Amino acid sequence: MALKRKFNKTRKPKHEEAPKESVNSPSKAESSGGTSIFKTSPDQIRQASKKQQAENDLRAKERSMPFRFYLKRGESKRYVILDDEVTFGMFEHTIKTPDGRYRQEICIKEKFICPLCEAGLDNGSKFRTFLSVIDTTPFTTKNNVTVPFSKKLLPISDRQQNQFYKYHSKYGTLRGLVIDAERSDSQTSYSIGDVLMVDDQMSDEQLLAQFATDAVVNDGKVIREKNHCLTPFNYLEVFTPKTTEELRMQYGGSRPIGDDSGIPF
Ligand SMILES: [Zn+2]
């Protein structure tokens, strides 16, 4: 399948894979019919423009995603939970990209055809729950501004979810729990830490005293609400699932090359 091939590390070198038509020859590139470098009919042009715009929209969606809490191997950090309890979960794919990084994609199999599941990628999606946390690790922005803390998403894998239900039973709420998280050097360590220790439970007054922020306004538009670090994310706004067609467009898929039927432009 095209999708599998795209992320197959052991794939053949490009020159072996390239179809003969892709050899750079002006006469072939400009030939009419089939795929061409140049778009010369109004319908083709309109379709290519819309496809490009849809791709831009996807990128914009991804850029606006909040950062996730994450530890490197051997690292430890402290965070504070903002949710009262776990109220959001979904299936998610973790995909290794050709440059060796990992990225997540929302799995849509519960309601629609998921091209990533169809391709057997990532051995199927996993159920993850999410919390909102204040990461208390300071960081410095590109403009050399030091930010003392930041609100992040905490993705909790299936094998760690029970730990948070236990915290909820024990403390009555997750909100305000101060967690010291440590990640071991092990290959199989969890990205949010293997050892999670509750160090404290902060009240709302303490949270306000320590993590109050001003509103951020740009061009008269509120970019960040006042004290935005004190409320959990609205998960239904943060996570916008892609459609079957969008996932196919981004990752390839089983649809025959050149068959754009069903793509909603
Ligand atoms: Zn899926």
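Of note:
- GluC sites (Glu not before Pro) within segment 74-138: DSSP coil, no more than 16 neighbouring Cβ in 10 Å: 75, 85, 110
- Residues whose amide H lies under 5 Å from that of residue 201, counting only those 5 or more places away or on a different chain, are 178; hydrogens are built 1.01 Å from N in the peptide plane.
- Listed residue (91, 203, 215) projecting farthest to the positive dipole end of segment 63-238, Cβ model: 91
- Cβ-based exposure ranking for 58, 121, in which fewest neighbours within 10 Å come first: 58, 121
- Each residue, residue 139 and residue 238, gets one label point 7 Å from its Cα in the Cβ direction; the gap between the two is 1.4 nm.
- Computed from the alpha carbon positions, the gyration tensor of segment 63-238 leads to an equivalent ellipsoid with semi-axes of 27, 21, 18 Å, biggest first.
- Centre separation in Å (Cα based) which lies between segment 176-237 and segment 48-103: 16 Å
- Annotation: for a label point projected 7 angstrom from Cα along Cα→Cβ of residue 96, residues of segment 110-134 with backbone N closer than 20 Å are 116-127.
- Gained length - residue 222 relative to residue 50, 0.36 nm times residue gap less alpha-carbon distance: 58.9 nm
- Positive-end residue, segment 63-238 charge dipole about Cα centroid, Cβ charges, pick of 82, 70, 227: 70
- Placing unit charges on the Cβ atoms only, positive for Lys and Arg and negative for Asp and Glu, gives segment 63-238 a dipole magnitude near 440 debye about its Cα centre.
FYI, it's all coordinate maths here, none of it is from the lab. All figures in this text were calculated on a predicted structure; none of them were measured in a lab. Cβ: placed from backbone, ideal geometry, glycine included. Neighbour counts: every protein chain shown.
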